[in-house]
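One structure below.
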Amino acid sequence: MMKKFYILLIAVAISLPSALAQYREGYYNAMNGKKKEDLKEAVKECVIQHTMLEYYGLPNNWRYTDVYPELYNGNVRWWEMYSNSIYLIKDGQSPTSSFSSNKMQREHSVPKSWWGSSQTTPAYTDLFNLLPSDGECNMAKSNYPYGDVMEGRATFDNGSAKVGTPAAGQGGGAAKVFEPADEYKGDFARGIFYMACVYDDLRWTSSYSYNMFQQNSWPTLKTWAYETLLEWHRADPVSQKEIDRNNAVETQQGNRNPFIDFPNLAEYIWGRQTSETFYIADQGNAQTPYPSDGSYITQPVNNEALDFGECAVNGVETVYLEIKGMIDQPLSISISGTDRAMFTLGQTSVLPSQLNFSKTALVPVAFNPTSEGEKKAILLIYDGGLNGSIRVELIGRGTGVPVLSRLTAYEATEVTEESYVANWSVAPEVVDYYIVDRTIYGAEGTETEMLESNTNSLKIMRSENVMESYTVRSSRLGFISEASNAITVAKGAGLFSLDATSPIGVETDADGFTLIGGAESVDIAVYDIGGRLVYLNASAAPGSHVGLPSGIYLLHSSLLNRPIKVLIP
């Protein structure tokens, strides 16, 4: 079972001077006095240590980092950089439920397919690479490189972002590029600069023209890639939005993006100042300590409620209580009330050093119901030099462990060389969302990708004309159903089902397949996806085992009207 993470927040802009960097004193010391390659390595040393977040809980982290500081018609509004659409977190919605109802998606600005799609690297959930996205734009973006789209050659344009034929000198040979809105081009560029430093040792796939990365410690970005990004970086300087987000990300995962704190840093590594030595004192970002106005807490307010929503019995839901203010003594936190045993604090005190620099501290509170029904407790915040205490009501609802049915995947529809629609049965029980596990069989091997949908179909964009397959699962309260049957989509506009009815069939295992059904003997010929004959038997008997490595194959026989698609895991 997976844990979920919610954050109790109020959309208040961080009121810090935009001209000043807000990094901790000494945080970037390793960068001082370095240049070019050594400076890039020092950037990694300074910021690589951070907390790896949970992928499915990201909307709850984004509730702190990616919402507008002003309310929209009384509601919090997501600040996503892929469209002009208005996506709200309405009263009574958690960030995750809002994200689901708005059909938004979790988007890797540097596509995970560029590094082989590993989900164990912190890059998979790094907030400097993960952004809330308009679903339609995310699918159109696919894993294309970044670049300017040629005038009049866009195949996707939502009035903010574009996908289409690259302008001259752009794209590194890719057929299409993704171009964000001008106001966000610098944001994306600085995020990619961060990724090129922190994750330069990932397995960057080299043969795909759309990959902007290459396998080395410097420059890591391909020449055409960093030249394009530098142009965007110069044209769209660091904004207050980025400064605020940088501060907020640090509260979530514990590190910063130095390309936001030091706007000229990219020039020292890839640009016009690579022959110069980087000194922090030259960057105009001297530290300015916050004045102390005595102890006070502005968030949470007294008698506020922290709602955990539903949680399966014996499951765990973790919520981060946000505390804002200044203290001159340690702050104490405790839980009391009838159901106090079902709520657990991740820490029982907050030190001045934790709170006073950023004026924000996040305290994890876990809800672990042992029975069904509504559960309540009281959280108290006191000491710290405060006059009195602050009371927060804790509310959660225990529910039975969900029983999730195995879904049935249906044939893909609207299949073209550029996209197809994956289809599956509707879950008979209540689910939070569906997970589409997509497998791409490319020239460099197999790549996997997880996509989300709130309905029983999903349009999937194809960046390469190669064979794919998909299975589908459902999710409820962090529980995931068994995967459905697999559907294979061939190159071009063709498609195959792994469940085709035929007089003979196969059962697959890790070592190949076993022939089932049919006559006492049957002629079979097996071809790989490249069309090469890999097995031939003029009289194969039911129960015969054919050893094959992992991959996709076509089994032909005179008894069949069409080949059987065989997928060896």
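The values are calculated or read from the model by the stated rules, or taken from the named source; none is laboratory data. Because the structure is a prediction, the values reported are computed rather than measured. Please note: Cβ atoms are built from the backbone with ideal geometry, for glycine as well, and neighbour counts cover all protein chains shown. Ligands, DNA and RNA are excluded from the accessible area calculation, which covers all protein heavy atoms including side chains. Shrake-Rupley method; radii C 1.70, N 1.55, O 1.52, S 1.80 Å.
Observations
- Set Val430, Val401: member being within 20 Å of Phe99 (Cβ to Cβ), surrounded by fewer than 19 Cβ atoms within 10 Å (Cβ to Cβ) and β-branched (Val, Ile, Thr): Val430
- The single condition from (1) hydrophobic (A, V, I, L, M, F, W, C); (2) out of contact with any Cys (no Cβ under 6 Å at 6 or more places or on another chain); (3) surrounded by 21 or more Cβ atoms within 10 Å (Cβ to Cβ); (4) closer than 25 Å to Ile440 by Cβ that Ala161 fails is (2).
- Some residue of the range 221-234 being open to solvent by 20 Å² or more (accessible area, probe 1.4 Å) and within 20 Å of Glu70 (Cα to Cα): no
- Which numbered condition Gly543 misses (of (1) on the phi < 0 side of the Ramachandran plot; (2) at pLDDT below 85; (3) over 37 Å from the mean Cα position of the chain (by Cα)): (1)
- Applying the condition of being open to solvent by 10 Å² or more (accessible area, probe 1.4 Å) and within 19 Å of the chain's Cα centre (by Cα) to the range 173-190 and asking which residue is nearest to Ala42 (Cα to Cα) yields Asp187.
- Scanning the range 516-569 for residues that are polar (S, T, N, Q) and in a strand (DSSP E or B) yields Asn537, Ser539.
- Unique match (being surrounded by 21 or more Cβ atoms within 10 Å (Cβ to Cβ), in contact (Cβ under 8 Å) with a residue 24 or more places away in the chain and among the charged types (D, E, K, R)) among Glu452, Glu468: Glu468
- Selection of the range 200-220 for residues being open to solvent by less than 10 Å² (accessible area, probe 1.4 Å) and within 15 Å of Phe259 (Cβ to Cβ) yields only Thr220.
- Flag if Asn60 is surrounded by fewer than 17 Cβ atoms within 10 Å (Cβ to Cβ) and out of contact with any His (no Cβ under 8 Å at 6 or more places or on another chain): no
- When residues of the range 17-40 are limited to those that are of a type in the set (A, V, I, L, M, F, W, C) and open to solvent by 30 Å² or more (accessible area, probe 1.4 Å), the one modelled with the lowest pLDDT: Ala19
- Scope the range 471-482; condition open to solvent by 40 Å² or more (accessible area, probe 1.4 Å) and either more than 28 Å from Tyr553 (Cα to Cα) or of a type in the set (A, V, I, L, M, F, W, C) (or both); matching residues: Arg476, Phe479, Ile480
- Listed by first and then second residue, the pairs with beta-carbon distance under 6 Å, at least 6 apart or on different chains, first residue in the range 142-161 and closer than 17 Å to Thr228 by Cα, second part of a strand (DSSP E or B) and hydrophobic (A, V, I, L, M, F, W, C), are Tyr144/Val177; Tyr144/Phe178; Pro145/Val177; Tyr146/Phe178; Gly147/Val177.
- Counting only residues that are touching a residue at least 12 places away in the same chain (Cβ under 8 Å), within 30 Å of Glu25 (Cα to Cα), open to solvent by 30 Å² or more (accessible area, probe 1.4 Å) and not in a loop (DSSP other than H, G, I, E, B), the range 342-386 holds 7 of them.
- Scope the range 467-500; condition at pLDDT below 75 and not small (Gly, Ala, Ser); matching residues: Lys491, Leu495, Phe496, Leu498, Asp499
- All positions within the range 511-531 that are modelled with pLDDT of 80 or more and within 38 Å of the chain's Cα centre (by Cα): Asp511, Gly512, Phe513, Tyr527, Asp528
- Residue match in the range 323-334 (condition: buried (at least 18 other Cβ atoms within 10 Å of the Cβ), charged (D, E, K, R) and either modelled with pLDDT under 90 or on the phi > 0 side of the Ramachandran plot (or both)): yes
- Among the residues of the range 141-152, the one identified as open to solvent by less than 10 Å² (accessible area, probe 1.4 Å) and within 17 Å of the chain's Cα centre (by Cα) is Lys141.
- Of the candidates Ile243, Ile280, the single residue that is hydrophobic (A, V, I, L, M, F, W, C), open to solvent by 20 Å² or more (accessible area, probe 1.4 Å) and touching a Ser or Thr at 6+ places or on another chain (Cβ under 9 Å) is Ile243.
- Residue match in the range 70-78 (condition: closer than 26 Å to Lys459 by Cα, aromatic (Phe, Trp, Tyr) and part of a helix (DSSP H, G or I)): no
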